[in-house]
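Report on the structure given below.
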Amino acid sequence: MVGLVSAWRNWQERREILRDVRRIQADNHELNRFKARDELTDALKALDLNDTRKATAIWTAAVAQYPREVGQSPLALDVLVKLRRFDEAEAMMLQGLKRSPREIFFHKALALIARHRGDLPSAIEQYAAIRKKFPGVWEGYVLGAQSLAAAKRLEEADALIEQAMELFWDEVCAFLEYGRLAEVRSDWTETLRRWNLVQERFPTWGFGFLGSARALLELERYDEAEALLTEMRVRFPNDSARYVLLARCAELRGEIPEAVKRWRTRVERFPLESHGYSNAADALEKMGQVQEAEAVLRAGIDRFPTDPKHMIELAKMFGRVGAYAEAAEAWAALRDVMPTYEEAYRLGADALRRAGQIEQADALTDEARRKFESSQT
């Protein structure tokens, strides 16, 4: 009897120990999941700045440290696709599909990988398979239509998106693709008709109004476009895209001072939209307003001091307009905040050379060679 009691107690203790181990493992997995997510987020931020070297290093370290958690994170797909490591992404998704054959994420991921790889026949086939296995999933139709359009099979894309509109009458993405397909053809009269339909079907969304305004601008019906965009001020007061089209309207009319004013207003009205500074600067540069473009980018640098994107754009703009000394200075400032960004060395050396500073250019080229070639070995 004593032996049975002792055995039972030992079994109970082992059970409690095993339960504690499992709890600790679960806690560690949850903690590692958050750590892996943070690492992958940092990799995506680096990719947004075209710093593939840094993104690759982050990815490699994350996979080594958190292989299970990285393999289960949807962010891993984004990182691998942006790094163009398609074979690795496909292998990871196939492994996930093997574990969970009915999980729609893996099916959509494989189709996405095919699209980004440029394998449109495979993407079209993958989306057809999704429609067959998951007929209630709108992505199989809408993204399938996008793939057909990319393959120049526009009539099939139109037929599929019309089917999607019937099946998913409350899904705005199907109607947006319907309008976009007409834009792909540059059939602006049909584009206007389709975006008007989107306006009527989804009056609380701004997409239809914006699409109609774009079509009106292409049709050179500037007064109507301006009236529609002005109407949007009441309906969608916080839609920044309206300000972009208003600036574009003034530009197309040839009213450059008004266009400059409107681009300034767009940035001032939405100062926390980082891309707004970039869009405005690009448009201003194309209009020959380089000083205005520089001012906008410098405002972006001041607004987002930890984000080097606007400094990169400023340096590249200086190079495009032939201000090589200023470009070299901008690349130097960028190297101070992003010492691992290889392009800042390569393009900085090129700017120095074009500015006639040959010795400095050669010294920077040598520095880059030591820094980056040694890191690859």
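Observations on the model:
- Residue in the range 276-283 that is at pLDDT 95 or above, within 25 Å of Ala355 (Cα to Cα) and not in a loop (DSSP other than H, G, I, E, B) present: yes
- Residue tally, condition outside any helix (DSSP H, G or I) and either within 12 Å of Ala315 (Cβ to Cβ) or of a type in the set (Gly, Ala, Ser) (or both), over the range 335-376: 4
- Only one of Glu268, Glu273 that is of a type outside the set (A, V, I, L, M), farther than 17 Å from Val321 by Cα and surrounded by 14 or more Cβ atoms within 10 Å (Cβ to Cβ): Glu273
- Residue under evaluation Pro74, criteria (1) surrounded by fewer than 18 Cβ atoms within 10 Å (Cβ to Cβ); (2) under 23 Å from Gly144 (Cα atoms); (3) modelled with pLDDT of 90 or more, criterion not met: (3)
- Residue within the range 220-233 that is closer than 23 Å to Glu171 by Cβ, assigned to a helix (DSSP H, G or I) and out of contact with any helix residue (DSSP H, G or I) (no Cβ under 7 Å at 6 or more places or on another chain) present: no
- Per the listing Ala213, Ala159, Ala182, the residue uniquely modelled with pLDDT of 95 or more, under 30 Å from Arg102 (Cβ atoms) and assigned to a helix (DSSP H, G or I) is Ala159.
- Residue check for Ala363: out of contact with any strand residue (DSSP E or B) (no Cβ under 9 Å at 6 or more places or on another chain), among the small types (Gly, Ala, Ser) and loosely packed, with under 15 Cβ neighbours inside 10 Å: yes
- Number of positions in the range 69-98 that are part of a helix (DSSP H, G or I), more than 18 Å from Thr41 (Cβ to Cβ) and charged (D, E, K, R): 4
- On inspection, Pro135 fails the criterion of being more than 22 Å from Tyr178 (Cβ to Cβ) and either touching a Cys at 6+ places or on another chain (Cβ under 8 Å) or in a loop (DSSP other than H, G, I, E, B) (or both).
The values are calculated or read from the model by the stated rules, or taken from the named source; none is laboratory data. Note that the coordinates shown come from a computational prediction; the quantities given were computed from them, not determined experimentally. Reconstructed Cβ throughout: ideal geometry from the backbone, glycine too, with neighbour counts over all protein chains shown.
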